[in-house]
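J.: Below you will find the structure I want to go over with you.
The values are calculated or read from the model by the stated rules, or taken from the named source; none is laboratory data. Being a predicted model, the structure only gives us computed values, none of them experimental. Accessible surface is based on the protein model in full, side chains and every heavy atom, while ligands, DNA and RNA are left aside. Shrake-Rupley method; radii C 1.70, N 1.55, O 1.52, S 1.80 Å.
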Amino acid sequence: INSHQQLLDRYCILENALRETAMTPKSTDSLWGNLLAKMFSSLLIREQISRSGTSLNDRISRAGFSMKYGDLDSALNELNYLDEDILYPAQDWLNSARQRLLGLSAIKLIKSELLSRSIKMVDNEEE
């Protein structure tokens with residue numbers, strides 16, 4: 001399972017690919033469309049801020065913002081709004097992020113179960 005820092009580092013690299021894919025026209029038959037998307041995406045400034053709005057770049061920015069501040073769940077929620085085509089370059093990252101969330105959830109569940117059992121043991125000892 002990747003650490004949060006590893007996922008953040010990978011997201012910072014992935015962010016440009018997501019923006020480029022978001023700018024690429026749906027019909028990939030056009031060489032000019034792909035070239036223009038690559039050129040314009042290279043001009044975009046990487047933002048990891050809490051932008052309002054529902055555009056693709058707004059969601060990618062908010063996902064980066066959430067990652068930067070340790071909120072993996074919110075980052076995944078933002079990315080889940082993007083089309084599957086746009087998320088294609090992020091499949092490995094998404095799997096790693098989901099695996100981390102699942103691992104963190106399992107740890108929380110185990111901790112609460114252990115706490116519950118220790119409370120029951122203390123209650124039984126007092127009786």
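J.: Enumerate the calculated ³J(HN,Hα) couplings along the range 112-118 in order (Karplus 6.51 cos²θ - 1.76 cosθ + 1.60, θ = phi - 60°), each rounded to whole Hz, writing x wherever the residue is Gly or Pro.
T.: 5, 5, 5, 5, 4, 5, 5
J.: Sorted by accessible area (1.4 Å probe), largest first, how do MET23, MET67 line up?
T.: The most accessible residue leads, giving MET23, MET67.
J.: Please list 3J(HN,Hα) in residue order for the range 64-70, calculated via the Karplus relation 6.51 cos²θ - 1.76 cosθ + 1.60 where θ = phi - 60°; whole Hz, with x for glycine and proline.
T.: Each residue of the range 64-70 in turn: x, 4, 4, 5, 4, 9, x Hz.
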